[in-house]
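Undergrad: Structure provided below as structure tokens; questions to follow.
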Amino acid sequence: MENQVRYYRIMRRLTQDELSARAGVSKATISQIETGKRIPGVDIALMLEAALHADVHDLFRL
């Protein structure tokens, strides 16, 4: 799965700390998702969608 979380985070000028606070997940979770070491569940994907103001289908592509 390809993910664009880092791209959208940078476009929104957010740090990993800021995104993690907005999404309600740990900074480690954000880092792991961005590096492809973790595939988020639906719950986390939807929290990232809301925090980044981006469609979940744009954040994560099969």
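The values are calculated or read from the model by the stated rules, or taken from the named source; none is laboratory data. Keep in mind it's a predicted model, so treat the numbers as computed, not measured. When we count neighbours, we look across all protein chains shown, and the Cβ atoms used for this are built from the backbone with ideal geometry, even at glycine. These area figures cover heavy atoms from the full protein model, side chains too; ligands, DNA and RNA do not enter into them. Shrake-Rupley method; radii C 1.70, N 1.55, O 1.52, S 1.80 Å.
Undergrad: Given a 1.4 angstrom probe, what's the average accessible area per residue across the chain, in square angstrom?
TA: Each residue of the chain exposes 64 Å² on average to a 1.4 Å probe.
Undergrad: Under 5 Å between amide H atoms, partner at least 5 residues away or on a different chain: which partners does Phe60 have, H built in plane at 1.01 Å?
TA: Gln4
Undergrad: Related question: Using only helices, what value at 222 nm comes out for the chain when you add -39,500 (n - 2.57) per DSSP H run of length 4 or more and divide by the total residues, to the nearest 500 deg cm²/dmol?
TA: Rounded to the nearest 500, the figure is -16000 deg cm²/dmol.
Undergrad: Debye calculation, C-alpha points only, no solvent: report log10 I(q)/I(0) for the chain at q = 0.20, 0.30 Å⁻¹, in the same order as the q values.
TA: Values returned for q = 0.20, 0.30 Å⁻¹ are -0.63, -1.69.
Undergrad: In addition: Roughly to the nearest percent, how much of the accessible area of the chain is carbon and sulfur, given a 1.4 Å probe?
TA: Exposed carbon and sulfur together represent 51 percent of the surface.
Undergrad: I want the local charge near Val56. Using Cβ-Cβ distances under 14 Å, sum +1 for each Lys or Arg and -1 for each Asp or Glu among the other residues.
TA: Around Val56, the charge tally is -4.
Undergrad: A follow-up question, please. Give me a comma-separated list of calculated 3J(HN,Hα) values for the range 46-54, in order, Karplus coefficients 6.51, -1.76, 1.60 applied at θ = phi - 60°, integers in Hz, x for any Gly or Pro.
TA: The phi angles translate into 6, 5, 5, 4, 5, 5, 9, 6, 9 Hz.
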